[in-house]
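In what follows, a single structure is set out as structure tokens and then discussed.
The values are calculated or read from the model by the stated rules, or taken from the named source; none is laboratory data. Because the structure is predicted, anything quoted here is derived from the model rather than measured. FYI the Cβ positions are ideal-geometry reconstructions off the backbone, even for glycines, and counts take in every protein chain you see. Side chains are part of the model used for accessible areas, which takes the heavy atoms of the whole protein and leaves out ligands, DNA and RNA. Shrake-Rupley method; radii C 1.70, N 1.55, O 1.52, S 1.80 Å.
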Amino acid sequence: MAEVGAESNPLRVAIIGSGPAGFYTVSNFFKQNELRVELDMYDRLPTPFGLVRAGVAPDHQKDKSVMRAYDKSAANANFRFFGNVEFGSHITLEDLKKYYHQVIFTTGAPVDRNLDIPGEELVGSHSATEFVAWYNGHPDFANLAFDLSQESVAIVGMGNVAMDVARILSKTPEELAETDIADYALEALRESKVKNVYLLGRRGPAQAAFTPPEIKEMGELIDSDVTIPADEAALDAVSLEYVENNPDKNADKNIGYITDYAARERTDKKKLLTIRFLVSPVELIGEGGAVVAVKIVKNEAYKSEDGSVRPRATEVFEELPAGLVFRSVGYRGVSLPGVPFHESWGTIENDKGRVQTSDGEPVTGLYTAGWIKRGPSGVIGTNKTCAQETVQCMVEDLEAGKLLSPEDTGKDAIEALVRERQPQVITYEDWKTIDVAEVRRGEAENRPRVKFTNVGDMLAVLGR
Ligand code: NAP
């Protein structure tokens with residue numbers, strides 16, 4: 001028999017997860033001109049694209065244009081999509097080992113980190129992850145409710161997700177109505193009574209995790225002013241020394257916007273976004289089981305042993321009224337059945353994308369890319385180089401003969417098994433039908449699309 005990867009004996013790869021890391025795995029494989037490869041991508045949702053569909057903010061449509069490139073990859077005859085199929089329930093690792101030479105996990109980081117402070121369990125305290133998935137119409141989150149009758153909302157964290165949440169809460173219904181935000185979220189936000197939005201960062205302006213375009217947008221909101229207490233916008237001595245010794249263009253730009261906002265006067269705009277630096281929540285205060293305020297402590301910056309600038313609590317406390325609190329302190333990966341997992345990092349154990357045991361022993365045939373490989377960092381494009389590194393390892397291992405030993409490498413046998421386990425499997429063609437229907441629904445309202453937010457409606461479009 002010809003070698004694996006030859007025209008008559010294609011390399012068979014299963015990709016678990018259809019977000020950016022999954023699709024960059026596809027494009028990287030199809031760039032290998034000498035290699036004949038067949039790629040089957042699985043996703044537990046009927047719709048592909050992971051966080052590009054359910055995470056990227058609806059008012060950031062440009063960031064979603066990568067879907068066109070993913071479409072091109074998907075058009076290759078050697079690509080198949082099995083949506084609505086869950087790894088670990090419909091299909092197991094043992095199943096996949098019977099049909100593929102290699103399996104790559106690109107499942108992202110779907111859950112959030114906790115603050116671990118008293119009161120976090122109160123009604124009105126939520127993770128940003130839930131809110132983001134809700135306003136983006138993720139079927140698992142479509143039934144959640146957020147009490148937008150509250151006037152004050154606090155968001156903990158200074159990353160781009162915190163900025164997304166703050167912006168969605170601060171925009172007018174008219175601004176949001178131009179986007180593909182879930183219909184129910186648009187309706188709820190139309191009725192929103194939110195007036196004050198607080199963004200709470202534990203470190204200073206020079207350590208903010210957001211990027212310049214995101215902080216710039218905060219100064220351009222139609223009906224929300226932005227303000228920053230002048231003493232918190234000014235750089236502390238430790239940060240000043242740090243930025244002098246570690247020039248960083250993004251941090252410089254961020255500081256420029258922050259300085260500008262601190263000098264702004266309040267106008268007659270209805271809402272106010274207040275950005276606070278060097279503060280940490282220490283408790284969510286409740287009344288009748290619901291959050292009413294956030295107790296924060298003022299931090300001071302100090303230089304840690306590794307040279308970075310870290311926050312240290314002082315004895316100065318303050319209470320901010322807030323009936324709704326979102327923690328936005330980073331995402332976390334979830335372990336997958338049969339795949340070695342680093343619990344404290346929330347990532348699959350791996351070396352350059354090669355899955356390994358906790359003792360560092362490589363696990364033949366298993367790979368990973370994206371946030372589940374390296375943690376939740378970087379922008380969409382970061383996953384391109386991340387997937388490239390893993391695909392290179394996969395090709396090297398193919399050349400070295402380090403592969404799984406599937407029993408049946410025909411395309412039909414695995415498809416038959418998938419269809420038996422999940423009769424409602426969604427192919428890429430099915431997805432394109434759903435896609436066209438969503439876009440058509442959006443046309444009448446001048447919106448990019450109106451999403452289907454439950455699986456039943458998606459299946460109905462397919463006449464099932
Ligand atoms: P992130 O960028 O890692 O930011 C997490 C924030 O939470 C940081 O400000 C961090 O502060 C803070 N934090 C962590 N633990 C905390 C604690 N115990 N108390 C208070 N604050 C705490 O994460 P993210 O915002 O979830 O974003 C994830 C990734 O997606 C990032 O790479 C982001 O750039 C990307 N993303 C990009 C876009 C875009 O391009 N528009 C949009 C959304 C997300 P410290 O710095 O002090 O740790």
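What single numbered condition from (1) touching a residue at least 12 places away in the same chain (Cβ under 8 Å); (2) surrounded by fewer than 22 Cβ atoms within 10 Å (Cβ to Cβ); (3) more than 16 Å from VAL4 (Cβ to Cβ) fails to hold for GLY378?
Exception for GLY378: condition (1).
For the range 340-363, give me the residue count where each residue is assigned to a strand (DSSP E or B) and either closer than 18 Å to THR25 by Cα or open to solvent by less than 20 Å² (accessible area, probe 1.4 Å) (or both).
Looking only at that region, the number is 6.
Anything in the range 283-319 that is out of contact with any Lys or Arg (no Cβ under 7 Å at 6 or more places or on another chain) and under 16 Å from ASP116 (Cα atoms)? List them, or say none.
Correct list: LEU284, GLY286, VAL291, VAL294, LYS295, ILE296, VAL297, ALA313.
Considering only the range 55-84, state which residues are assigned to a helix (DSSP H, G or I), within 12 Å of the ligand (Cβ to nearest atom) and open to solvent by less than 20 Å² (accessible area, probe 1.4 Å).
Within the range 55-84, just LYS64 meets the criteria.
Just checking, which of GLY442, GLY381, GLY401, GLY375 is over 20 Å from VAL26 (Cα atoms) and within 16 Å of the ligand (Cβ to nearest atom)?
Every option except GLY375 fails the conditions.
Looking for something assigned to a helix (DSSP H, G or I), modelled with pLDDT of 95 or more, crowded, with 21+ Cβ neighbours inside 10 Å and among the acidic types (Asp, Glu) - is there at least one such residue anywhere in the range 162-169?
The answer is yes, given that some residue of the range 162-169 is assigned to a helix (DSSP H, G or I), modelled with pLDDT of 95 or more, crowded, with 21+ Cβ neighbours inside 10 Å and among the acidic types (Asp, Glu).
Could you check the range 92-112 and list, in sequence order, the residues that are in a loop (DSSP other than H, G, I, E, B) and in contact with a Phe, Trp or Tyr (Cβ under 8 Å, 6 or more places away or on another chain)?
Within the range 92-112, THR107, GLY108, ALA109, PRO110 qualify.
Return the total of residues in the range 443-464 being in a loop (DSSP other than H, G, I, E, B) and either closer than 22 Å to ALA74 by Cα or open to solvent by less than 30 Å² (accessible area, probe 1.4 Å) (or both).
Selection size over the range 443-464: 8.
Out of GLY353, GLY346, I need the residue that is of a type outside the set (A, V, I, L, M), touching a residue at least 12 places away in the same chain (Cβ under 8 Å) and closer than 30 Å to SER125 by Cα. Which one?
After applying the criteria, what remains is GLY346.
Within the bounds of the range 43-55, is there any residue that is of a type in the set (S, T, N, Q), closer than 20 Å to SER377 by Cα, under 17 Å from the mean Cα position of the chain (by Cα) and modelled with pLDDT of 95 or more?
Looking through the range 43-55, none of the residues is of a type in the set (S, T, N, Q), closer than 20 Å to SER377 by Cα, under 17 Å from the mean Cα position of the chain (by Cα) and modelled with pLDDT of 95 or more.
Residue by residue through the range 135-156, note down the ones that are open to solvent by less than 10 Å² (accessible area, probe 1.4 Å) and under 18 Å from VAL56 (Cα atoms).
TYR135, ASN136, GLY137, ILE155
LYS171 - would you say it is among the basic types (Lys, Arg), away from the ligand (no atom under 16 Å from the Cβ) and touching a strand residue (DSSP E or B) at 6+ places or on another chain (Cβ under 8 Å)?
no
Being more than 16 Å from the ligand (Cβ to nearest atom), touching a helix residue (DSSP H, G or I) at 6+ places or on another chain (Cβ under 7 Å), more than 23 Å from GLU319 (Cβ to Cβ) and not assigned by TED's automatic domain parsing to the domain that holds VAL379: is that true of ILE258 here?
Against the criterion (more than 16 Å from the ligand (Cβ to nearest atom), touching a helix residue (DSSP H, G or I) at 6+ places or on another chain (Cβ under 7 Å), more than 23 Å from GLU319 (Cβ to Cβ) and not assigned by TED's automatic domain parsing to the domain that holds VAL379), ILE258 does not qualify.
Of the residues PRO321, PRO337, only one is more than 30 Å from ILE296 (Cβ to Cβ), in contact (Cβ under 8 Å) with a residue 60 or more places away in the chain and surrounded by fewer than 16 Cβ atoms within 10 Å (Cβ to Cβ); which?
After ruling out the rest, the residue left standing is PRO337.
For VAL13, only one of the following conditions fails: (1) at pLDDT 95 or above; (2) open to solvent by 10 Å² or more (accessible area, probe 1.4 Å). What is its number?
VAL13 satisfies every listed condition except (2).
A quick yes/no check of all residues on (1) open to solvent by 10 Å² or more (accessible area, probe 1.4 Å); (2) part of a strand (DSSP E or B):
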| site | (1), (2) |
| --- | --- |
| LEU366 | no, yes |
| VAL395 | yes, no |
| ALA416 | yes, no |
| GLU420 | yes, no |
| TRP431 | no, no |
| GLU438 | no, no |
| ARG441 | yes, no |
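Among the candidates VAL37, VAL26, single out the residue that is of a type in the set (A, V, I, L, M), more than 23 Å from GLY333 (Cα to Cα), open to solvent by less than 10 Å² (accessible area, probe 1.4 Å) and in the same structural domain as VAL395 (by TED's automatic domain parsing).
Only one candidate qualifies: VAL37.
Being under 25 Å from the mean Cα position of the chain (by Cα), in a strand (DSSP E or B), within 14 Å of the ligand (Cβ to nearest atom) and modelled with pLDDT of 95 or more: is that true of VAL325 here?
It is true that VAL325 is under 25 Å from the mean Cα position of the chain (by Cα), in a strand (DSSP E or B), within 14 Å of the ligand (Cβ to nearest atom) and modelled with pLDDT of 95 or more.
So which residues in the range 204-247 are outside any helix (DSSP H, G or I), modelled with pLDDT of 95 or more, of a type outside the set (Ser, Thr, Tyr) and within 29 Å of ASP63 (Cα to Cα), if there are any at all?
GLY204, ALA208, ALA209, PHE210, GLY219, GLU220, LEU221, ILE222, ASP223, ASP225, VAL226, ILE228
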